[in-house]
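Okay, so here's the structure we're looking at.
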Amino acid sequence: MDSFSPSGRMTRTAASSLAARAVLALLLIGVSGSGATQAASPHTHHSRQLDVNHKEPVQTFRPINIAHRGSNGELPEETAAAYLRAIEEGADFIETNVLASKDGHLVCFHDVTLDATTDVADHAEFAGRKRTYEVQGEDVTGWFIVDFTLEELRSLRVKQRFSFRDQRYNGKYQIITFEEYILIALYADRTVGIYPEIKNPVFINQHVKWSDGKRFEDKFVETLLRYGYGGEYMSDGWLRQPLFIQSFAPTSLIYVSNMTDSPKLLLIDDTTVPTQDTNQSYHEITSDAYLAFIGSYVVGIGPWKDTLVPPDPTDNRLGRPADLVARAHALRLQVHPYTFRNENQYLHFDFRQDPYAEYAYWLDEVAVDGLFTDFTGSLHKYQEWTRPYRKEQEKTSPEALLREIAGMLKNDGYD
């Protein structure tokens with residue numbers, strides 16, 4: 001249990017229970033002494049899985065709180081500890097990036113190189129693994145995740161990406177698999193959604209080959225289906241196991257649409273970055289015509305927030321908002337911008353170094369449908385302060401509805 005406790009202590013019963021369940025989840029898929037994971041069969045998994053029908057449901061009455069790579073403002077990103085902390089702090093969804101190891105295992109990791117967030121440079125046995133590959137049209141040099149087996153990846157330890165964030169947890173946590181991430185959500189004490197990204201699919205499909213001839217996207221969806229994920233947005237199945245599939249590659253989203261009806265979201269990069277698979281410009285993929293086309297496959301878009309409200313580069317203040325949110329909403333597409341961070345260097349001067357002021361602007365004025373945040377606890381506290389979950393439940397309880405009907409009848413002259 002200590003390996004999943006960020007602070008080395010659990011002060012709340014709920015947190016302790018959550019950590020215990022997460023450890024149990026990892027044990028269920030069999031972590032061997034060498035660190036290699038043996039996936040459980042679907043029958044074994046479903047016989048042991050907690051009953052998702054009797055949990056507190058995910059909230060759907062206010063914009064969703066998406067824990068970007070877990071609570072990575074506090075803990076090293078995409079680790080079990082970061083996801084456990086995010087769930088404890090109130091995340092509606094935990095987000096991850098899915099890549100593949102040399103031997104075809106799906107793992108949770110953001111970069112195609114290991115350099116920035118692991119201790120790979122300290123491992124003499126891997127000194128000769130540095131390579132230069134083309135990634136999205138540019139030559140990149142480093143230790144690439146596709147050149148390491150899962151067992152080798154397990155020997156590394158993850159570290160905080162940014163030097164100005166807490167460094168105490170560097171070297172404590174391993175890279176986790178996609179299945180372990182899923183089980184952390186499934187074994188939470190309430191319904192927690194997952195929000196995995198099909199990350200760099202062009203690069204992964206170039207460098208990782210599966211013996212059955214299937215693609216990265218096939219393996220991604222097969223894993224989700226094996227653990228019971230499926231169903232259109234807001235269907236009963238979706239509410240039991242909420243899921244959004246995201247990608248910057250539109251062809252991957254179109255491809256997986258033939259395999260699953262789970263909701264999908266097209267991520268949109270900076271205005272200068274073309275799509276990695278179709279080489280389309282920002283302006284092409286944000287046109288009304290393209291949004292209408294891709295809307296047949298996705299339920300929303302995930303733009304970088306500075307493209308929605310571009311800041312003035314001369315004084316770090318917000319400029320005039322673009323019309324993308326309004327145009328997307330007109331096509332019934334959700335908008336989930338990224339990434340919200342508490343630190344001053346990420347807050348435009350309009351917000352007076354106050355992340356709550358930033359949340360207020362984006363939720364109330366821009367009116368987005370969800371936020372990717374590195375500090376899920378801050379967003380949760382803000383939303384509970386401004387639009388608390390319990391009060392919303394009270395409004396929709398049978399007693400509240402009867403009181404409302406009685407009041408309407410009385411106003412119409414019926415006593």
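The values are calculated or read from the model by the stated rules, or taken from the named source; none is laboratory data. Predicted model, so just to flag it, every value in this text is computed and none were measured. Positions of Cβ are backbone-derived with ideal geometry, glycine not excepted, and every protein chain shown enters the neighbour counts. We work out accessible area using only protein heavy atoms, side chains counted, and drop any ligands, DNA or RNA first. Shrake-Rupley method; radii C 1.70, N 1.55, O 1.52, S 1.80 Å.
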Cross-chain or 6+ apart pairs with Cβ under 7 Å, region 265-281 first and within 10 Å of residue 303 (Cβ to Cβ), then of a type outside the set (A, V, I, L, M) and part of a loop (DSSP other than H, G, I, E, B): 267/248; 268/286; 269/248
Which listed residue, of 176, 198, 182, 194, is modelled with pLDDT of 95 or more, closer than 24 Å to residue 300 by Cβ and in contact with a Ser or Thr (Cβ under 7 Å, 6 or more places away or on another chain): 198
Verdict on residue 140 being surrounded by fewer than 24 Cβ atoms within 10 Å (Cβ to Cβ) and in contact with a Ser or Thr (Cβ under 7 Å, 6 or more places away or on another chain): yes
Check on residue 280, closer than 15 Å to residue 195 by Cα, open to solvent by less than 40 Å² (accessible area, probe 1.4 Å) and modelled with pLDDT of 95 or more: no
Which numbered condition residue 202 fails, given (1) surrounded by fewer than 23 Cβ atoms within 10 Å (Cβ to Cβ); (2) under 17 Å from residue 261 (Cβ atoms): (2)
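One line per residue, one yes/no per condition, for (1) farther than 30 Å from residue 271 by Cβ; (2) open to solvent by less than 40 Å² (accessible area, probe 1.4 Å); (3) without any contact (Cβ under 8 Å) to a residue 60 or more places away in the chain; (4) part of a strand (DSSP E or B):
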{"position": "151", "(1), (2), (3), (4)": "yes, no, no, no"}
{"position": "185", "(1), (2), (3), (4)": "yes, yes, no, no"}
{"position": "189", "(1), (2), (3), (4)": "yes, no, no, no"}
{"position": "197", "(1), (2), (3), (4)": "no, yes, no, yes"}
{"position": "218", "(1), (2), (3), (4)": "yes, yes, yes, no"}
{"position": "221", "(1), (2), (3), (4)": "yes, yes, yes, no"}
{"position": "230", "(1), (2), (3), (4)": "yes, yes, yes, no"}
{"position": "254", "(1), (2), (3), (4)": "no, no, yes, no"}
Breaking point among (1) within 26 Å of residue 205 (Cβ to Cβ); (2) open to solvent by less than 10 Å² (accessible area, probe 1.4 Å); (3) in contact (Cβ under 8 Å) with a residue 60 or more places away in the chain, for residue 301: (3)
Residue 403 being open to solvent by 90 Å² or more (accessible area, probe 1.4 Å) and modelled with pLDDT under 95: yes
Residue in region 262-274 that is crowded, with 16+ Cβ neighbours inside 10 Å and part of a helix (DSSP H, G or I) present: no
Residue list for region 70-86, restricted to those being touching a strand residue (DSSP E or B) at 6+ places or on another chain (Cβ under 7 Å) and either on the phi < 0 side of the Ramachandran plot or of a type in the set (A, V, I, L, M) (or both): 76, 79, 80, 81, 83, 86
Qualifying residue in region 122-135 (condition: closer than 30 Å to residue 346 by Cα, part of a loop (DSSP other than H, G, I, E, B) and of a type outside the set (Val, Ile, Thr)): no
